[in-house]
Every structure is written in C-alpha cells, then in structure tokens.
Amino acid sequence: MAEVLVLVDHVDGAVRKPTLELLTLARRIGDPVAVALGAGAEATAGVLGEHGAVKVLTADAPEFADYLVVPKVDALQAAFDAVNPVAVLVVSSAEGKEIAARLALRVGSGIITDATDLEAGEQGPVATQAAFAASYTTKSRVSKGVPVITVKPNSAPVEPATAAGTVEALTV
C-alpha cells in the first residue's frame, strides 16, 4: 500500500491528540509514516506504533527549537524525498499551515487547508472541508503533485491500530 507522511505534533515525546487523529485519517488512504522532529522524537514511536504508524522517521537538532519553521520544512522535505508518499498530512495550526504551504511550494504540489475528513479517491485523496462558517461542506482534491493537507483538530475520532512503528533516523 502507498505511504502517507504524517508530521507529528509532540512536546518532549508526548504525542498530542491531533496527531493521533491524523494517523487515523492516513490509514484510510495508505500506510502512515510518522515524522517526529525535535527533543523526544524517538520517545514518540511507541504511541505512534499503537495508532497505526508503520514507520517513524526521527530527527533531533537544536534548530527545531531555535528557529520557527524552516528546519521543520527541510526535514519534512527530506522525509518526502525518502518515502515518495501519496499524501502529506499536517495538523491545521498556524505553524502547521506555514510548514504545509512551504513544503507544497518546494515540491511543486497543491495544498488543501482545514480539511475535516479524508477518503481515498480514484485520482488521489479527497478532502472534505467546511465553508462559510460550516454552512456548507465541499470535497476537494489536488490536481497537481502530491497533496499536502492540513487537518483541523477534533475532526476525526482516534482509532488505535497496532502497527510496526519501526524507528529510523532521518538524515536532514
């Protein structure tokens, strides 16, 4: 099955709930490969494996804490080049949207922000979005490149699914 990159949101190894939601959504369209960056990245592997991550790519450097987003984009791009995913999922936060936009620009792909659901489609992943204060829902897909999608927190239930969760160091 195709691999889906998921950028892990964690604090010193404690994985935040929106990341577990991303893993649930990623399993709908492929095999989740988690990318954990910064202090405590290796400590995330156990929880990520319990929620379906088949592989956890980790990198720790002071730049991840010292600078805003560029080192994280560099690392995510390195993971993108190493894995060749069918989609990249990021938590829809101010930082997440910035990382996603910069990655999409670097790899020449389209971006979908603030998705609330994901499903597999014939021509790639299809994202559901709420529009006009959630008065309408729309379905979107990226027409060029590998979709980079930010997903709103609390959009999907967390569904555990045991996977290998093997840890590999990411060279950035």
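Structure summary
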{"item": "Where a label projected 7 Å from the Cα of ALA169 along Cα→Cβ would reach, residues of the stretch 27-62 with amide N under 13 Å", "result": "42, 58-61"}
{"item": "From the coordinates shown, volume of the Cα convex hull per residue in Å³ corresponds to which of (1) 242; (2) 354; (3) 100", "result": "(3)"}
{"item": "Sum of side-chain charges, THR138 neighbourhood, beta-carbon under 13 Å (Lys, Arg +1; Asp, Glu -1)", "result": "0"}
{"item": "GluC sites (Glu not before Pro) restricted to the stretch 87-152 and DSSP loop, no more than 16 other C-beta within 10 Å", "result": "GLU122"}
{"item": "Within the chain, longest stretch clear of exposed chymotrypsin sites (Phe, Trp or Tyr not before Pro) (DSSP loop, no more than 14 other Cβ within 10 Å)", "result": "1-66"}
{"item": "Theoretical ellipticity at 222 nm over the chain - DSSP helices of four or more residues, -39500 (n - 2.57) apiece, nearest 500", "result": "-9000 deg cm²/dmol"}
{"item": "Under the Karplus curve 6.51 cos²θ - 1.76 cosθ + 1.60, θ = phi - 60°, whole-Hz ³J(HN,Hα) for the stretch 158-172, x wherever Gly or Pro sits", "result": "7, 10, x, 7, 5, 9, 4, x, 5, 9, 10, 6, 9, 8, 10"}
{"item": "Average Cα contact separation per residue, the stretch 1-128, under 8 Å, 6 or more apart, as relative contact order %", "result": "27"}
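Values quoted throughout were computed directly from the atomic coordinates according to the rules given, and no laboratory measurement underlies them. As the structure is a prediction and not an experimental result, all values here were calculated from the model. Every residue, glycine as well, gets a Cβ built from its backbone with ideal geometry; the counts of neighbours run over all protein chains shown.
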